[in-house]
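Have a look at the structure below, then the notes.
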Amino acid sequence: MSAMLASCFTIPSSIKAGGNRPRSKQCGKTYYASSNVPTLWHKTEKIQKEHCAMMSSNSLQHRCKVIEDGFKYQQWKRKCTINAISEQSFEPESQAQYKKSMKDSVKDGLVAFYEFTRPYSAIPIILEATCMSLLAVEKSSDLSLIFFKGWVQTVVATLLMIIVNCGLNQLCDLEIDKINKPHLPLTSGALSIKAAIAIVAASAFLGLWFSWSSGSWPLFWNVLYNNVLAVFYSVDLPLLRWKKSSFLTAVYILTNIGVVIPIGSFLHMQTHVFKRAATLPRSMLLSTTVLSIFCIVISMIKDIPDMEGDEKFGIKSFALSLGQKRVFSICISLLQMSYGVGILVGATSPYLWSKIFTVVGHATLALVLQYRAKSVDPKSKDSVQSFYMFIWKKLFIAECLLLPLFRS
């Protein structure tokens, strides 16, 4: 027994030493049993480590998920806070931008409407009606509240007539104006066709209603006649479209601006406001004569810059028939003739102050006209257009201011 035990205990040492001693089955069993102990322990340890690693990983993932969820919550909370602050901060700004855009739209609409009325001609015509109203004043006591009321009626009716005339002309000349006047509200797109039609129709109706309700027959017939003339001049129908003829164009402008508006405004104040008999004094006849000459000049010279579009659409203007230089020379001569008439008639006035103002005023305008005409090139579209605006904005307005000073 002792020998067996000894041999059993020496086997490991002999193996460790590299010997080849015989081993018994029991020793083999004991050896293999003892050699499997570390293997099982390692496997157990490995399983425990894997379990611990798995537990640690799960715990770490859980903790990361909690942290990530918390981070996401903080982000969401921050985002909500920023959005809330942004909405509160930018709400007044967005309202301000909306109000600004609305304000700009209204401003653009008013500018388009203002340009639609052709102010360069509307303002002098309104001034003409005002001066004709003043021509009906015979004494200082006439300048009262009643006169002011009658003048307001004249101005409102005249403005509505101008809108109808200018608006209808632009609607009917849309294709021509694309060549001659591309800057106008309709051709540039600043004003729609529907809006223009509505403006013209409303102005025609309001003009007739306003003049009728005022109870003044001169004012009503003035508005009605002007509206009818506007249709005859612009609308392209049989026997209409007077603007195709240079002669009928001159007749239209002369009748409208040189006769109907001055006489209608004068008779409105004389018969309806002052309740006097319907008479046409010498000063009134002189005024209509001078204004008629101005109207002929305007009707002729306005066609020089528009020759390209007029020729394309078959409009026979004086500029196309007679030539640019000749038409320009005729216009200057006619204006000088009107100033000569003003000087002669003013010199025969029984009132000294009337003589001084009318003679000196017309002589000054004649010199200004001669000086300005020398710088005009009849073949230059821009040069003639600038001179045309000079007639409207300077010479015509100055003449209107001199008209009430004609006293006989």
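The values are calculated or read from the model by the stated rules, or taken from the named source; none is laboratory data. If you're wondering where the values come from, they're calculated on a predicted model, not measured in any experiment. Virtual Cβ from ideal backbone geometry, glycine too; neighbours counted across all protein chains shown.
Taking the listed residues S213, S245, S188, the one that is surrounded by fewer than 18 Cβ atoms within 10 Å (Cβ to Cβ), touching a strand residue (DSSP E or B) at 6+ places or on another chain (Cβ under 9 Å) and farther than 20 Å from A122 by Cα is S245, with no other qualifying. The residues in the stretch 125-182 that are farther than 23 Å from L285 by Cα and charged (D, E, K, R) can be counted, and the count is 6. Scanning the stretch 133-189 for residues that are β-branched (V, I, T) and under 18 Å from the mean Cα position of the chain (by Cα) returns I163, T187. Taking the condition of being within 17 Å of M389 (Cα to Cα) and touching a Phe, Trp or Tyr at 6+ places or on another chain (Cβ under 7 Å), how many residues in the stretch 103-151 meet it? Residues that pass the stated criteria total 3.
Scanning the stretch 166-222 for residues that are within 29 Å of K107 (Cβ to Cβ) and either of a type in the set (S, T, Y) or not assigned by TED's automatic domain parsing to the domain that holds W151 (or both) yields T187, S188, S192, S203.
Going by what's in this entry, would T249 be described as modelled with pLDDT under 90, in the same structural domain as V164 (by TED's automatic domain parsing) and hydroxyl-bearing (S, T, Y)? So T249 fits the description; yes. Within the option set S321, S329, being outside any loop (DSSP other than H, G, I, E, B), surrounded by fewer than 21 Cβ atoms within 10 Å (Cβ to Cβ) and at pLDDT 85 or above holds for one residue only, S329. When you check D306 against the structure, is it touching an Asp or Glu at 6+ places or on another chain (Cβ under 7 Å), in the same structural domain as Q385 (by TED's automatic domain parsing) and not β-branched (V, I, T), yes or no? No; evaluated as a whole, the condition is false for this residue. I'd like the full set of residues that are crowded, with 16+ Cβ neighbours inside 10 Å and either modelled with pLDDT of 90 or more or of a type outside the set (S, T, Y) (or both), limited to the stretch 350-375. Of everything in the stretch 350-375, those that are crowded, with 16+ Cβ neighbours inside 10 Å and either modelled with pLDDT of 90 or more or of a type outside the set (S, T, Y) (or both) turn out to be K355, F357, T358, V359, G361, H362, L365, A366, L369, R372, A373. Of the set (1) under 33 Å from the mean Cα position of the chain (by Cα); (2) modelled with pLDDT under 90; (3) more than 24 Å from L395 (Cα to Cα), all apply to Y233 but (2).
Mind telling me which of the residues V260, V228 ends up being hydrophobic (A, V, I, L, M, F, W, C) and out of contact with any helix residue (DSSP H, G or I) (no Cβ under 9 Å at 6 or more places or on another chain)? Outline the logic, then answer.
Values: V260 fails: out of contact with any helix residue (DSSP H, G or I) (no Cβ under 9 Å at 6 or more places or on another chain).
The conditions single out V228.
Pairs are defined by a Cβ separation below 8 Å, a sequence spacing of at least 6 or placement on different chains, a first member in the stretch 331-352 that is of a type in the set (K, R), and a second member that is in a helix (DSSP H, G or I) and modelled with pLDDT of 95 or more; no pair meets this definition.
Return a yes/no flag: does the stretch 280-292 have any residue that is within 18 Å of D142 (Cβ to Cβ), out of contact with any Pro (no Cβ under 8 Å at 6 or more places or on another chain) and surrounded by 17 or more Cβ atoms within 10 Å (Cβ to Cβ). Yes; the residues of the stretch 280-292 include at least one that is within 18 Å of D142 (Cβ to Cβ), out of contact with any Pro (no Cβ under 8 Å at 6 or more places or on another chain) and surrounded by 17 or more Cβ atoms within 10 Å (Cβ to Cβ).
When M337 is tested against (1) of a type outside the set (D, E, K, R); (2) at pLDDT below 90; (3) surrounded by fewer than 16 Cβ atoms within 10 Å (Cβ to Cβ), only condition (2) is not met. For the stretch 364-394, the tally of residues that are of a type in the set (D, E, K, R) and outside any helix (DSSP H, G or I) stands at 3.
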